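See structure below.
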Amino acid sequence: MLFVVLAALLAPLTTATPSTAAPSSAQAAAFDGRPVQFWNSVLIDVFRRQTGVGPGPLARAAAIMNAGIYDAESAYQRTWHSLRYEPFLEAPKYSGAPLLEGPDEEERVIGHTARNLLVRLFPAQTTFINTRFKERFGDEWTSFDVLKPLVAEPVADRIWNARYDDGSSEGESYTVDDEPGAWRPTGGTCAQESDAVDPDWGLVRPFVLSSGAQFRPATPETYGTYDVLLASQAYQAQVDEVRRLGSANSTARTTDQTAAAWFWANDADGTYKPPGQLLAITTAVANQQNLQTYRTARLFALLSLAMADGAIAEWDVKYRTPIDLWRPVSAIQVGLNDPAWQPLGPTPCFPAWASGHATFAGAWETVMREALGSDRISFTATTDEPRSPVRNRTFDSFSAAAEENALSRLYLGVHYRWDAVDGLELGRDVATYVIGNELQEL
């Protein structure tokens with residue numbers, strides 16, 4: 001059927017003509033040979049424009065866009081080159097001999113697919129996204145390009161339809177457990193229980209995992225009830241540590257720990273948020289390693305799938321387990337009757353255990369190590385956080401960056417150490433499962 005459609009669309013072409021000749025442009029295209037990185041930069045800019053959106057929906061958007069890019073790239077590889085990895089959903093051939101590959105075909109396949117998905121995910125940003133498309137291609141996205149009906153639209157439709165009823169748009173409500181140790185609103189924009197961010201996100205259907213509960217860590221659920229937890233020496237040690245290291249006026253926290261706390265924050269509107277920071281760092285590493293487009297598409301797809309499922313698993317831990325642990329500010333101000341204590345940074349409006357930053361970091365570290373074949377690759381990371389005293393931090397391994405990212409939440413005073421430790425483990429478990437079950441080498 002595809003060949004019949006193709007023949008009709010390309011009737012004037014001869015056997016020596018490229019199969020998908022590029023449309024004429026009003027101005028020169030601005031290709032730099034890195035289409036995956038470009039469209040992730042657009043996604044990151046869209047993240048910066050979001051207000052009041054939790055990390056789960058942002059990670060889901062990244063997974064949808066990057067899975068679509070990867071399947072479009074896979075279809076391109078199957079058609080004109082060699083398919084080396086399994087597609088995420090499907091990647092059928094869309095042309096073939098005696099026709100030839102068209103000019104800038106890989107760029108166009110990826111660009112139209114990414115734009116199509118981005119405007120569906122963020123309809124309020126349609127004008128911005130279409131402007132970025134025109135900057136890249138030198139023409140409006142509406143200009144004729146046979147690759148849209150042949151490849152981009154079918155790929156985008158498949159991934160969109162697969163996620164349409166995944167539970168991400170379900171109504172959400174939350175009731176606070178009215179007892180010491182249980183999460184409660186912490187003030188400011190988190191003034192009441194209805195402000196709790198995405199309490200049902202743990203019920204969203206994962207991209208790869210069987211369920212959000214597949215890799216639930218044991219602690220602090222091993223204590224069973226709030227009163228047993230609060231009476232334990234382990235809990236008391238956790239609170240004491242964050243009380244010392246996470247205070248706004250801590251004398252125990254080092255200058256470098258303070259720098260790390262702010263460097264990895266990126267919680268505020270106007271920043272690219274935690275998923276966006278890791279996508280930006282991945283872009284820098286992919287450029288540094290000079291990865292070809294196919295490998296880059298696979299890297300971003302694996303990472304985005306792992307972060308999306310990591311967020312679902314993380315929110316399952318936060319809200320779907322017997323203990324929804326209160327934040328350090330509540331544990332210290334209320335539990336220890338120290339109302340003067342303040343954390344270094346603002347406290348997000350959801351339970352403490354486990355850390356979302358740490359889960360994303362563990363997933364990122366695991367994917368980067370697998371995709372690049374080594375943990376020990378030096379790179380420089382950047383931040384959007386306006387309160388960070390430094391713009392860049394350099395690391396000699398992915399694991400070192402991930403562990404600092406996780407512990408930064410302790411230094412910021414918004415998490416306990418076991419939030420970081422369990423979050424890292426959860427992210428690593430999720431990513432290992434994603435890597436072992438998706439986009440496998442053929």
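The values are calculated or read from the model by the stated rules, or taken from the named source; none is laboratory data. Remember, it's a predicted structure, so these values are computed and weren't measured experimentally. In this analysis, Cβ positions are derived from the backbone assuming ideal geometry, glycine residues included, and neighbour counts consider all displayed protein chains. Heavy atoms of the whole protein, side chains included, go into the accessibility calculation; ligands, DNA and RNA do not. Shrake-Rupley method; radii C 1.70, N 1.55, O 1.52, S 1.80 Å.
Before moving on, here are some points about what is shown:
- Environment charge of A358, counting only residues whose C-beta is closer than 11 Å and scoring Lys/Arg +1, Asp/Glu -1: -4
- Shown here: Cα extents along the principal axes in Å, derived from the displayed model; of the candidates [x] 85, 49, 47; [y] 81, 39, 39; [z] 158, 72, 43, it corresponds to [y].
- Using 0.36 nm per residue and subtracting the Cα-Cα separation, the extra length available between T127 and T251 on full extension is 39.8 nm.
- Difference of contour (0.36 nm per residue) and Cα-Cα distance, D166 to S143: 5.0 nm
- Sorting V176, V42 by solvent-accessible area of protein heavy atoms yields V176, V42, largest first, with a 1.4 Å probe.
- Dipole magnitude (debye, nearest 20) for the chain, charges at Cβ of Lys, Arg, Asp, Glu: 900 debye
- Relative contact order, percent, the chain [alpha-carbon distance under 8 Å, six or more residues apart]: 21 percent
- Residues with amide H under 5 Å from that of G270, placed H, sequence gap 5 or more: Q50
- Solvent-accessible surface of protein heavy atoms, probed at 1.4 angstrom with all chains present, puts E403, E385 in the order E403, E385, largest first.
- Packing-based ranking, highest mean first, of 343-350, 116-123 given that Cβ atoms within 10 Å are counted: 343-350, 116-123
- Surface accessible to a 1.4 Å probe, T131 within the full protein complex, Å²: 70 Å²
- Linear extension gain, T225 paired with S211, 0.36 nm per residue minus alpha-carbon span: 2.6 nm
- The label point for S194 and the one for Q440, both projected 7 Å from the Cα toward the Cβ, are 4.9 nm apart.
- Antiparallel bridge percentage (DSSP; both residues within the chain; nearest 5): 90 percent
- Per-residue ellipticity at 222 nm from helix content only, as computed over the chain with -39500 (n - 2.57) for each DSSP H run of at least four residues, stands at -15500 deg cm²/dmol.
- In the chain the longest region clear of chymotrypsin sites (Phe, Trp or Tyr not before Pro) that are loop-assigned by DSSP and have at most 14 other C-beta atoms within 10 Å covers 165-442.
- Structural descriptor for region 80-239: relative contact order 16 percent, calculated from alpha carbon pairs under 8 angstrom and at least 6 residues apart.
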